[in-house]
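This report refers to the structure that appears directly beneath it.
The values are calculated or read from the model by the stated rules, or taken from the named source; none is laboratory data. Nothing here was measured: the structure is a model prediction, and the numbers come from that model. A quick note on method: Cβ atoms are made from the backbone with ideal geometry, for glycine too, and the neighbour counts reach across all protein chains shown. The area values use the complete protein model at the heavy-atom level, side chains included, leaving out ligands, DNA and RNA. Shrake-Rupley method; radii C 1.70, N 1.55, O 1.52, S 1.80 Å.
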Amino acid sequence: MPLFFRPFLILLGLLLAAGPARAQTINVDAVTRYWEITEGLRQNRPLTDQMWQDFLEIPGNKIYVRGIYSAANLAAYRRAIEVVYMPRHDSLLQVKLKNKVWYYLMVNDYKEREAVYRNYVANVVRNPGSRDMMYQYAYEYLPARAHTKVPDLQIYYEALGNDATSQAEGLFYSLRAVLDANEVKPGLLEGHEMHHQLRPGKDFGTIAAEDEGLIGILASMQNEGIADLIDKPLTMGMPGDPRGIREWAMAPAPGFINKMDSAIQARARGGAPATGRYYRQLSNGSNGHLPGFFMSSVIEKNGYKKQLLTTCDDPFAFVTLYQKAAKKDKSHPPLFSVASITYLNQLARKYAKPRPAPASASAAP
């Protein structure tokens, strides 16, 4: 990278730490290092194992990749970076791009739009206050009691992948995901992830092994489904739905609900419980976006947004509210069977707790 750029970022980071925005810290170490190592690759200098491991150990990368990429995925991604940036691999790169191999397309985008990404990073560090809109978007789908602030919020940006994640350590955004979301409306993706930081949850105590899979998927469906209302309707409403939200999250949802209903009915009859792995596969690895977004959309469309937010900490209430909304919906979305609802009500009573648990990140007014 140009030598002037890194000191520029460091200086802005120091100014940020010293200014009134101390409540949130922007960390771009992972991005800065990415541009340094790719500058070497452009000169056909190989990426050594040590360089790659050191790169992955940067907090912005380490925490981001742990829930998204397996070791095999990371190895394939590393190879894509080398092929995309090293001129000696240009012939192979053209083949990969022609065949639309995903990692190569994604990394090539980071290469081709580097000036755009650099400009965004400079702006986001210079103007941290612009990130405050993420609270506004999150609050729209949270009850008043959750309209709080996250103290000492850590926000990390990385030049890897096309995703974002909310963790106990902070918020983690790939530049590509942020800029793609900004084409719809600036701040939507940040608002979605902030929602995960602020949404309250219930303490179910110790969950029996046979109930973990079902309660886990219910919690994921509610967690992602409500947050999806922040960004997915606007994204899906773009001409031609270029992000493929309908195909990815909406069209398969009725089938998921029917299969989930069958699994719950089987359990209600005394059958073996469905595992978390089964539900993850059924959800196409979406971590609850499928069918959570579909269900929350049905709930909101039929006039139950207030109840959705009031019970946003209760995954059992989420299903009950969906059932109520689906019965009212003239498009006739799939319903859960009486047997399944009865079993879920029994499970809700089994794990009833009088107190709420804190949100995934501690919050203060």
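Placing unit charges on the Cβ atoms only, positive for Lys and Arg and negative for Asp and Glu, gives the chain a dipole magnitude near 720 debye about its Cα centre. Over all projection directions, the Cα-based convex hull of region 242-290 averages an area of 3.3 nm². Residues whose amide H falls under 5 Å from that of Asn27, counting only those 5 or more places apart or on a different chain, are Ile155, Tyr156, Tyr157, with hydrogens built in the peptide plane. Straight-distance candidates among the aspartates and glutamates for linking to Lys111, with alpha-carbon spacing under 12 Å and chain neighbours fewer than 8 residues away dropped: Glu39, Glu82. Considering only beta bridges that DSSP places wholly inside region 89-246, some 50 percent are antiparallel. Excluding same-chain neighbours fewer than eight residues apart, the lysines reachable from Lys301 by a Cα-Cα span under 19 Å are Lys232, Lys324, Lys327, Lys328, Lys330. Here each label is just a point 7 Å from Cα along the line to Cβ, and for Ala122 and Asp241 those points are 3.9 nm apart. Based on Cα atoms of region 155-247, Rg over Rh with Rh as the Kirkwood radius reads 1.03. Projecting label points 7 angstrom from Cα along Cα→Cβ for Ala352 and Ser262 puts them 3.3 nm apart. Select from Ala253, Ala146, Ala272 the residue whose mean-square fluctuation is largest in a Gaussian network model of the chain (Cα-Cα springs shorter than 10 Å). The residue with the greatest mean-square fluctuation here is Ala272.
Counting 0.36 nm for each residue step from His332 to Gln307 and taking away their Cα separation leaves a gain of 6.9 nm. Considering only Gly270, Gly187, Gly161, the mean-square fluctuation computed in a Gaussian network model of the chain, springs between alpha carbons under 10 angstrom, is largest for Gly270.
Can you tell me the dipole magnitude for region 215-365 around its Cα centre, using point charges on the Cβ only (Lys, Arg +1; Asp, Glu -1), in Debye to the nearest 20? Dipole size: approximately 500 debye. Normalised by the number of residues in region 111-200, the mean separation of alpha-carbon contacts (under 8 Å, six or more apart) gives a relative contact order of 32 percent.
Would you mind getting me the FRET efficiency between Asp49 and Lys185? Use the beta-carbon distance for r and R0 = 56 Å, nearest 0.05. So the FRET efficiency works out to roughly 0.85.
By the Stokes-Einstein formula, at 0.890 mPa s and 25 °C, region 230-365 with its Kirkwood radius over alpha-carbon pairs has D equal to 150 µm²/s.
Proximity of backbone amide H atoms, modeled 1.01 Å from N, is registered between Gln167 and Phe172 at under 5 Å, excluding neighbours fewer than 5 places apart on the same chain.
With contacts taken as Cα pairs under 8 Å and at least 6 residues apart, the chain reaches a relative contact order of 18 percent.
Note on Tyr278 and Asp132: with the Förster distance fixed at 41 Å, the Cβ-Cβ geometry gives a FRET efficiency of about 0.50. Solvent-accessible surface of the chain, taken per residue with a 1.4 Å probe and all protein chains present: 46 Å². Given R0 = 51 Å, the distance between the Cβ atoms of Ala144 and Gln94 translates into a calculated FRET efficiency of 0.40. Convex hull volume per residue, computed on the Cα atoms of region 104-214, equals 148 Å³.
Counted over the chain, the DSSP beta bridges are approximately 45% antiparallel.
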